[in-house]
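First up is the structure itself, then whatever we jot down about it.
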Amino acid sequence: MARTLPFEQAVVAGDAALRMLGVTASELALELEFANRRNGISQARRTIGFLDARSESVGESRSRVMFRRHGLPIPAQQGEVRSAAGEFLGRVDFYDQEAGVVGEFDGQVKYGRLLTSRQEPGDIVFKEKVREDAIRDTGLRVVRWTWQDLTGELAIRRWQHAIDEARRAPNPRATITPAALPAPARPRIQPLPTQPHHS
């Protein structure tokens with residue numbers, strides 16, 4: 001797939017393979033060696049070098065490609081934000097600790113995942129607002145973008161503006177540490193049952 005698909009599509013599939021199936025860097029390196037003389041191998045190397053198991057959705061994978069397309073450093077992913085007193089304030093999709101900027105990709109599926117059987121969509125939106133306000137109160141800049149922003153320049157301009165603002169402001173009163181990722185479910189390969197022979 002990395003040899004034949006467009007870069008963005010291959011990254012989406014590759015990130016999912018790393019995250020959900022536990023595909024490792026050494027396994028990918030071995031596959032590159034096997035395919036060393038095949039067409040598209042240079043493209044495959046670029047794609048595999050860009051993969052990240054911390055992308056938890058198609059939108060997050062495409063967001064990383066968006067940063068790359070505009071020539072910006074790729075922010076880290078899945079960070080836990082804590083106040084100066086050590087209080088957990090929330091988890092963010094993207095972050096630049098040094099700059100003091102965090103980013104959130106907002107897809108409808110994300111809010112659907114957060115919704116329990118006893119909650120209304122408005123409850124989740126309110127909870128997200130409280131979380132974001134607490135993060136902003138530390139001095140961190142928060143940038144949000146949606147599916148529509150992935151192909152234009154608006155999200156990138158917002159990100160760059162937030163970085164510029166953060167450079168002129170006092171350091172945030174918060175720390176961001178990488179969040180633990182769930183263990184992937186390695187696929188179980190089982191032989192197909194043999195069919196009885198009929199004479």
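Derivation of every value follows stated rules applied to the coordinates shown; laboratory data play no part. Computed from a predicted structure; not experimentally measured.
What number results when the radius of gyration of the stretch 36-105, computed over Cα atoms, is divided by 2.2 N^0.38 Å?
Relative to the rule-of-thumb radius for its length, the stretch 36-105 sits at 1.39.
Work out Dmax and Rg for the stretch 1-53 from the C-alpha atoms and quote the Rg first, both in angstrom.
10.1, 29
On average over all directions, what projected area in square nanometres does the chain have, based on the convex hull of its Cα atoms?
Averaging across all directions leaves 17.0 nm² for the Cα convex hull.
Using only Cα atoms and rounding to the nearest 10 degrees, what angle (0 to 90) does helix 7-21 make with the longest principal axis of the chain?
80 degrees
Using only helices, what value at 222 nm comes out for the chain when you add -39,500 (n - 2.57) per DSSP H run of length 4 or more and divide by the total residues, to the nearest 500 deg cm²/dmol?
-13000 deg cm²/dmol
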